[in-house]
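Read the structure below first, then the notes.
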Amino acid sequence: MTALTLLVIAKEPLPGRVKTRLTPPFTPEQAASLAEAALVDTLRVLARVPARRRVLVLDGVPGPWAPPGFEVVPQVGGGLDVRLAAAFGGCAGPALLVGMDTPQLTPALLAPALDLGTPDGHDAWFGPADDGGFWALGLAVPDPALLLGVPMSRSDTGAVQYARLRAAGLRVGMLPVLTDVDTAADARLVAAEAPRTGFAARLTALAASSDAAAAAALAVGR
């Protein structure tokens, strides 16, 4: 079995605390529902990827959406760089971290990064997001210092993080560029790219519900 630890960093999908940029057009409850669907899709994919440990690094309390087979550890306080660094700091061997915003994720997309910790493998893997951030980071030696001080949630976050890896002399493999689900336009794009996901089904159901509500309101107004 591989020595890899898989990490998912996530927030409990509560209205008003997650996916706030989806509101509007979605309500906070609908945005939380989409966040939950994206997280469930992500966890299901990681359950199919070979690993020694699977860890959900959670801000909040696990709900019925949390599957078996994952350790749940709380996020530490501080900025995102501190929280990511702490997640890696809790790993004794090679670790691969992903977020909860890419429900289009598949085992095949992560497959190249499974060479972490192997004799001929890369020292790091990096998955850039098209908004300038990153959706995946893998480290053969999970050194928290590689993340501390990296400015997060900016258009240059990914570039700064990648430069930090290269400056450390690491051999970095590149994963494909993916779209994080932050806005309604992102949600539609990702659902179209991955129509068989639970996220796509949830988005379709919400759209149908909104269409029905609009039709009912129009009928009442006549």
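One table, with the values for the structure above:
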quantity	calculated
Number of positions in segment 155-175 that are touching a Gly at 6+ places or on another chain (Cβ under 7 Å), under 26 Å from ALA111 (Cβ atoms) and either in a loop (DSSP other than H, G, I, E, B) or of a type in the set (S, T, N, Q) (or both)	2
Selection within segment 20-50 - out of contact with any strand residue (DSSP E or B) (no Cβ under 9 Å at 6 or more places or on another chain), buried (at least 16 other Cβ atoms within 10 Å of the Cβ) and more than 17 Å from ALA194 (Cα to Cα)	LEU22, THR23, PHE26, PRO28, GLN30, ALA31, ALA32, SER33
Residue among TRP135, TRP125, TRP65 that alone is over 26 Å from PRO13 (Cβ atoms) and under 16 Å from the mean Cα position of the chain (by Cα)	TRP125
Members of segment 110-128 that are touching a helix residue (DSSP H, G or I) at 6+ places or on another chain (Cβ under 9 Å) and either of a type in the set (Phe, Trp, Tyr) or buried (at least 20 other Cβ atoms within 10 Å of the Cβ) (or both)	LEU110, HIS122, ALA124, TRP125, PHE126, GLY127, PRO128
Among residues of segment 147-159, those that are surrounded by 20 or more Cβ atoms within 10 Å (Cβ to Cβ) and either hydroxyl-bearing (Ser, Thr, Tyr) or free of Cβ contacts under 8 Å to residues at least 60 places away in the same chain (or both), counted	2
Conditions (1) basic (Lys, Arg); (2) within 21 Å of PHE134 (Cα to Cα); (3) touching a Ser or Thr at 6+ places or on another chain (Cβ under 7 Å): number failed by ARG54	(3)
Boolean, PRO107 is under 15 Å from the mean Cα position of the chain (by Cα) and surrounded by fewer than 18 Cβ atoms within 10 Å (Cβ to Cβ)	yes
Residue count, segment 63-76 (criterion: part of a loop (DSSP other than H, G, I, E, B) and surrounded by fewer than 18 Cβ atoms within 10 Å (Cβ to Cβ))	8
Test: residue in segment 141-154 that is of a type in the set (Asp, Glu), in contact with a helix residue (DSSP H, G or I) (Cβ under 8 Å, 6 or more places away or on another chain) and part of a loop (DSSP other than H, G, I, E, B)	yes
Number of positions in segment 77-104 that are assigned to a loop (DSSP other than H, G, I, E, B) and closer than 29 Å to GLY198 by Cα	6
Where ALA10 falls short, out of the listed (1) in contact with a Pro (Cβ under 9 Å, 6 or more places away or on another chain); (2) under 29 Å from ALA192 (Cβ atoms); (3) of a type outside the set (Ser, Thr, Tyr)	(1)
Total residues in segment 160-187, condition under 30 Å from ALA32 (Cα atoms), among the small types (Gly, Ala, Ser) and free of Cβ contacts under 8 Å to residues at least 24 places away in the same chain	1
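FYI, it's all coordinate maths here, none of it is from the lab. Because the structure is predicted, anything quoted here is derived from the model rather than measured. Positions of Cβ are backbone-derived with ideal geometry, glycine not excepted, and every protein chain shown enters the neighbour counts.
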